[in-house]
Amino acid sequence: MKIRGFEVVSKYADQGIELPRRQTLASAGYDLASAVDMVIPSIWRLNFVRIFRLIRNGHQLYERDYEMSEDILKPILVPTGIKAYMPEDEVLILANRSSNTFKKNLALPNGIGVIDADYYNNSKNEGEIFVQVLNYGVRPLHIHKGDRIAQGIFIKYLKTDSDDPVSRERVSGFGSTNEKGKM
């Protein structure tokens, strides 16, 4: 009987994706790795400086400026090629690795990621876990397949006495819990 763990999503079957592992006996987190080689651009090279100067110098911003800044500051999604299964009363928390900020200037802009039990095998992406990152260093960051980019920690959570969840079913990924049957 399976209780909690990781599996490779079918898209990455037979591509050498390794399941997350703890690195020491006392480690709480399972290291998640990138499923692909990719470059994480520096936010400083994405016209971010232009927007910053406009704001800093008190220039009026126009709709085009706002749209440009929103496009620039979107996090990059790093695919892991894995999915996680767990009991309904558990969550997988994605946390940054301490070496990412110290050595790589890589941050998780959402602080932590929350992977709910019902994300597993969703119809949109089979529950593949993606890690949101921003590179605040001045150089582009080259991530290679197999590089550890985050850690996942399984945690049991508690419900209130008056818990009355909305009757919805997850049908997609990031922030997209929808009513059953509606998209």
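In terms of its Cα atoms, the range 65-173 spans 48, 34, 28 Å along the principal axes, sorted from long to short. In this simple spin-label approximation, VAL36 and ASP89 carry label points 7 Å from Cα along the Cα→Cβ vector, and these lie 3.9 nm apart. For a test of understanding, tell me how many lysine pairs in the range 5-178 have Cα atoms under 17 Å apart, given they are 8 or more places apart or on different chains. Pairs that pass both the separation and distance tests number 6. For GLU126, the shell of other residues with beta-carbons less than 10 Å away shows a net charge of +1, using +1 for Lys and Arg and -1 for Asp and Glu. Each listed q (0.09, 0.13, 0.15, 0.19 Å⁻¹) maps to a log10 I(q)/I(0) for the chain, found by the Debye formula over equal Cα scatterers with no solvent: -0.40, -0.79, -0.98, -1.29.
Each value in this text was obtained by applying a stated rule to the coordinates, not by laboratory testing. Please read all numbers here as calculations on a predicted model, not as lab measurements. Cβ: placed from backbone, ideal geometry, glycine included. Neighbour counts: every protein chain shown.
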